[in-house]
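Shown next, in structure tokens, is the structure this report addresses.
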Amino acid sequence: MKDVQYLRKIPVFADLPDEALLTIHQYTIERVYRRGTVIFFEGDRGEGFYYVKSGKVKIVKATGDGREHIIKILTPGDLFAEVLLFNNQPYPATAVAAEDACVGIIKNSDLERLVLANNKLALQLIKALSQRLLYAQQKIKNLALGDVLARTAETLLRLGSEHGRRDEKGVIVITIDLSRQELANLVGTTRETVTRTLSALRKDKIVDFVGDKMVILKPERLKSYME
């Protein structure tokens, strides 16, 4: 069973028995993508459920003026395209390898068989979909109501929660590599605006940079900008 233990790193599969993991492994199609390669385009017919095995994947939508808005950056263990489970609707966004990545795919028809045979997997998928719905609602609220500073603060705190670690000084180091443009695309603003905002936060000693990593020095101050 050693070959399928990688599935336990994916939260939706983590508590399943070994027999279920073996079945999931047998149904999984594994694909490797080079950085910058499109995994699927918005509008393509949805073929299945994806998870990141290694590397990073970004989910993006094009804005009306042709700019790219990053909805989410995914790391190993994260799911994507799960909103299309059990239906054949088109993908609502584009998935791109943010760096060299290995992705697992389970076709919807195969996943339906797995769910029918395993109640625990069905419950885990429902939880995953609920979490994604809450995330989407918060994202829409922030874009509609929040100013750039509030949206930047929310994005940094979310990155710290999802991709951060506390160092020996107790500050949060965001371990994921992001360019200023990618951060701007996550916030929903321009690179120049997010650079000015980061400079102001750094001047106030709320964030800092160690090499190419962003560091949150005062998370409570960041939270205050969202109120």
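The values are calculated or read from the model by the stated rules, or taken from the named source; none is laboratory data. Computed from a prediction, not measured in an experiment: that's the story for all the values here. Every residue, glycine as well, gets a Cβ built from its backbone with ideal geometry; the counts of neighbours run over all protein chains shown. Protein only, heavy atoms only, side chains kept; ligands, DNA and RNA dropped before computing areas. Shrake-Rupley method; radii C 1.70, N 1.55, O 1.52, S 1.80 Å.
Are any of the pairs Lys107/Lys223; Lys120/Lys223; Lys9/Lys61 more than 30 Å apart by Cα-Cα distance, and if so, which? Show your work: numbers first, answer last.
Numbers: Lys107/Lys223 40 Å; Lys120/Lys223 36 Å; Lys9/Lys61 28 Å.
Correct reply: Lys107/Lys223; Lys120/Lys223.
Pairing the Cα long axis of helix 108-117 with the longest principal axis of the chain, what angle in degrees results, from 0 to 90 and rounded to the nearest 10?
70
Give, as a single signed number, the net charge of other residues whose beta carbon lies under 12 Å from the beta carbon of Thr37, with Lys and Arg counted +1 and Asp and Glu -1. Display every interim value, and only then the final one.
Details: positive: Arg31, Arg34, Arg35, Lys58; negative: Glu99, Asp100.
Cβ neighbours under 12 Å give a net charge of +2.
Considering amide H positions built from the backbone, and no H for Pro or chain starts, which residues 5 or more places from Ser54, or on another chain, come under 5 Å of its amide H?
Here the answer is Cys102, since their amide H atoms fall under 5 Å of that of Ser54.
For the range 145-184, report the convex hull volume of the alpha-carbon atoms normalised per residue, in Å³, without decimals. Please list the in-between numbers first.
Working: hull volume 3.2 nm³, N = 40.
Cα-based convex hull of the range 145-184, divided per residue, equals 80 Å³.
At 0.692 mPa s and 37 °C, plugging the Kirkwood radius over alpha-carbon pairs of the chain into Stokes-Einstein gives what diffusion coefficient in µm²/s?
Values: Rh = 18.8 Å.
The diffusion coefficient I find is 174 µm²/s.
Around Asp208, what is the net charge, scoring Lys/Arg as +1 and Asp/Glu as -1 over all other residues with Cβ under 13 Å from its Cβ? Mind showing how you got there, number by number?
On the way: positive: Lys169, Arg202, Lys203, Lys205, Lys213, Lys218, Arg221; negative: Asp167, Asp204, Asp212.
The answer is +4.
Could you pull the accessible area for Glu19 with a 1.4 Å probe, rounded to 10 Å²?
Only protein atoms counted, so the area is about 130 Å².
Can you give the local net charge around Pro90? Use residues other than it whose beta-carbon is closer than 14 angstrom to its beta-carbon, Lys and Arg +1, Asp and Glu -1. Please report the intermediate quantities before stating the final value.
Details: positive: Arg45, Lys61; negative: Glu42, Asp44, Glu47.
Summing Lys and Arg as +1 and Asp and Glu as -1 gives -1.
Please report, largest first and rounded to whole Å, the three semi-axes of the ellipsoid equivalent to the range 1-111, where each semi-axis is the square root of five times an eigenvalue of the C-alpha gyration tensor.
26, 16, 11
Once phi is turned into θ = phi - 60°, what whole-Hz ³J(HN,Hα) does the Karplus curve with 6.51, -1.76 and 1.60 give for every residue of the range 42-52, x standing for Gly and Pro?
So the J values, rounded to whole Hz, are 4, x, 5, 5, x, 10, x, 10, 10, 9, 8.
Measure nothing but the geometry: give the 0 to 90° angle between the long axis through the Cα atoms of 148-163 and the longest principal axis through the Cα atoms of the chain, rounded to 10°.
Helix 148-163 sits roughly 50 degrees off the main axis of the chain.
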